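Each remark here refers to the structure printed beneath this line.
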Amino acid sequence: MSNQANEEIKVAVTTFNENVSNIHTVEEWANQLEYNSAKSFSRRIKIHFCKPAIKVMTELRIKRIIEIMHRSPEESFFGVARMVGLKDEKSLYDYVKYHTDLSPTALKKKITLEKLRSEITEYNLGVKIPSGFSE
């Protein structure tokens, strides 16, 4: 894949991440990037990631949910839902449960435990150990 194509994909991912609360469909994502055709945009995403654009959107949204829970553990589930473009905490529950098999509460506990494990390891060794979740 060319450097230009890679750059287009980076811009697409950045655009999605910056506008996650306003992008709900592949067509909205393509429109945000001023593509004339959602189909051609979707094809480019599929070629790059080897999966449909809707699957990439789901993965990016789940990653964003995890990032919010990691950075702001005090944030309410309603707040998390609104930040990622979901209606309310019930929508967040359904979305997270469907895509991860975990409830938002279980996911948050897992994130908190992973963060604590990383901090304890860092304290004991004086070295930052990468966790399973990105920061």
Can you spot the lysines whose alpha carbon is less than 19 Å from residue 63's alpha carbon? Ignore those fewer than 8 places along the same chain.
10, 46, 51, 55, 87, 90, 97, 108, 109, 110, 115
Taking the 0 to 90 degree range and rounding to the nearest ten, how far is the long axis of helix 3-18 tilted relative to the main principal axis of the chain, both from C-alpha atoms?
60 degrees
Using θ = phi - 60° and the Karplus relation 6.51 cos²θ - 1.76 cosθ + 1.60, list the HN-Hα couplings for region 80-90 in order, rounded to whole Hz, with x at every Gly or Pro.
4, 4, 5, 5, 10, x, 9, 5, 6, 5, 5
Computed for the chain: size of charge dipole around the Cα centre, +1 on C-beta of each Lys and Arg, -1 on C-beta of each Asp and Glu, debye to nearest 20, value 400 debye
Can you pull the percent of Cα pairs in region 69-120 with separation above 19 Å?
25 percent
Cβ-defined net charge surrounding residue 61, 12 Å radius [Lys, Arg +1; Asp, Glu -1]
+1
Of 47, 96, 85, which is farthest on the positive side of the dipole of region 3-125, counting Cα position, with +1 on Lys and Arg Cβ, -1 on Asp and Glu Cβ, and the Cα centre as origin?
47
Among (1) 30, 20, 12; (2) 36, 13, 10; (3) 84, 13, 9, the entry matching semi-axes √(5λ) of the Cα gyration tensor in Å as calculated here is (1)
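FYI, it's all coordinate maths here, none of it is from the lab. Quantities reported herein were computed from a predicted structural model and do not represent experimental measurements. All Cβ positions, glycine included, derive from the backbone under ideal geometry; neighbour counts span all protein chains shown.
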